[in-house]
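FYI, it's all coordinate maths here, none of it is from the lab. What you see is a predicted model; the values in this text were computed from it and never measured. Here the Cβ is made from the backbone with ideal geometry for all residues, glycine too, and neighbour counts use every protein chain on show.
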Amino acid sequence: MNVLVFDTDDKLNEAGANIISGIVQTSPRAVLGLATGGTPIGIYRQLAADFERGMFSFRNAVTFNLDEYVGLPEDHPESYHSYMRHHLFRHIDLPDAQAHLPNGNAADPRAECRRYDELIERHGQIDLQLLGLGHNGHIGFNEPAHALTKGTHVVELAEATRKANARYFLSLDEVPCQAITMGVGTILKAKKILLVVKGADKADIVAKALQGPITTDCPASLLQTHPNLIVLLDRAAAEKLG
Ligand code: PGA
């Protein structure tokens, strides 16, 4: 595990964007696993700015997002389809057909999960999986549980997760109760994982995830088993590391 701690948000975002663009520069057909949430916004902004300078192209890349809410229309401002369009896709040259997210409005969600897994498999391995970290240790929407699911699946969102995400909606009632998420098996199969965490409110869970016991009660702790994990932290998030 390679843990890098940054004094400024700009430096962290630059480092994150450089890791992603470096993969696309060396492997133009790279398969990227992408994340949503507040954390990667600055990295996407930097990536879009670097793209604007003509440093690389996403023309031949393929992306798979970690998750999407169930039952939220794709064009709802808080859907992850909208998020990705807004923060990244509209700024770069990735063809629409090569940008994949689970369909949270599929008539048969279980069939949709199978379709998503098969699509990922068909592209071989994910070269780089970008991850944020939930306050409860979730990665994607893999919530703490007695057992975790390997592949893409429908998940009931933890109350803590719905409350954390309520800041984006008009009220807690509007936050969907379910999502479709990539499973931890798929996440751990990625060649390289880039975990990004910011803020003092995540310091405890960062220490638990990176230095605590490996347990499904903290899904991110499974990342300790990955041979190629890079962690980008700001000072505040790194505070409780021993
Ligand atoms: P955040 O979410 O980036 O909005 O804090 C991270 C996550 O829940 O995975």
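Computed values, structure above
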| read-out | value |
| --- | --- |
| Odd one out for THR36 among (1) under 19 Å from ILE139 (Cα atoms); (2) more than 16 Å from the ligand (Cβ to nearest atom); (3) polar (S, T, N, Q) | (2) |
| Set GLY199, GLY185: member being small (Gly, Ala, Ser), touching a Lys or Arg at 6+ places or on another chain (Cβ under 8 Å), surrounded by fewer than 18 Cβ atoms within 10 Å (Cβ to Cβ) and closer than 25 Å to ILE19 by Cα | GLY185 |
| Selection count where residues are on the phi < 0 side of the Ramachandran plot and buried (at least 19 other Cβ atoms within 10 Å of the Cβ), scope the stretch 118-141 | 13 |
| Restricting the stretch 85-117 to residues that are hydrophobic (A, V, I, L, M, F, W, C), surrounded by fewer than 19 Cβ atoms within 10 Å (Cβ to Cβ) and part of a loop (DSSP other than H, G, I, E, B), the residue that is nearest to the ligand (Cβ to nearest atom) | ALA106 |
| Subset of the stretch 166-177 (residues that are touching a residue at least 40 places away in the same chain (Cβ under 8 Å) and either within 17 Å of the chain's Cα centre (by Cα) or part of a helix (DSSP H, G or I) (or both)) | TYR168 |
| Candidate set from the stretch 200-242 (those that are assigned to a loop (DSSP other than H, G, I, E, B) and of a type in the set (Gly, Ala, Ser)); member that is nearest to LEU128 (Cα to Cα) | GLY212 |
| Residue that is farthest from the ligand (Cβ to nearest atom) [pool: residues in the stretch 39-49 that are in contact with a helix residue (DSSP H, G or I) (Cβ under 6 Å, 6 or more places away or on another chain) and not aromatic (Phe, Trp, Tyr)] | ALA48 |
| Qualifying residue in the stretch 49-57 (condition: touching a residue at least 60 places away in the same chain (Cβ under 8 Å) and either crowded, with 21+ Cβ neighbours inside 10 Å or not in a loop (DSSP other than H, G, I, E, B) (or both)) | no |
| Condition met for THR161 (among the hydroxyl-bearing types (Ser, Thr, Tyr) and in a loop (DSSP other than H, G, I, E, B)) | no |
| Boolean, LEU148 is within 14 Å of the ligand (Cβ to nearest atom) and assigned to a loop (DSSP other than H, G, I, E, B) | no |
| Where a residue in the stretch 192-216 is more than 16 Å from ASP7 (Cα to Cα) and its partner, wherever it lies, is more than 15 Å from the ligand (Cβ to nearest atom) and among the hydroxyl-bearing types (Ser, Thr, Tyr), with Cβ under 8 Å and at least six apart | ILE214/THR225 |
| Candidates ILE180, ILE187, ILE230 - the one that is within 29 Å of LEU119 (Cα to Cα), away from the ligand (no atom under 16 Å from the Cβ) and within 15 Å of the chain's Cα centre (by Cα) | ILE230 |
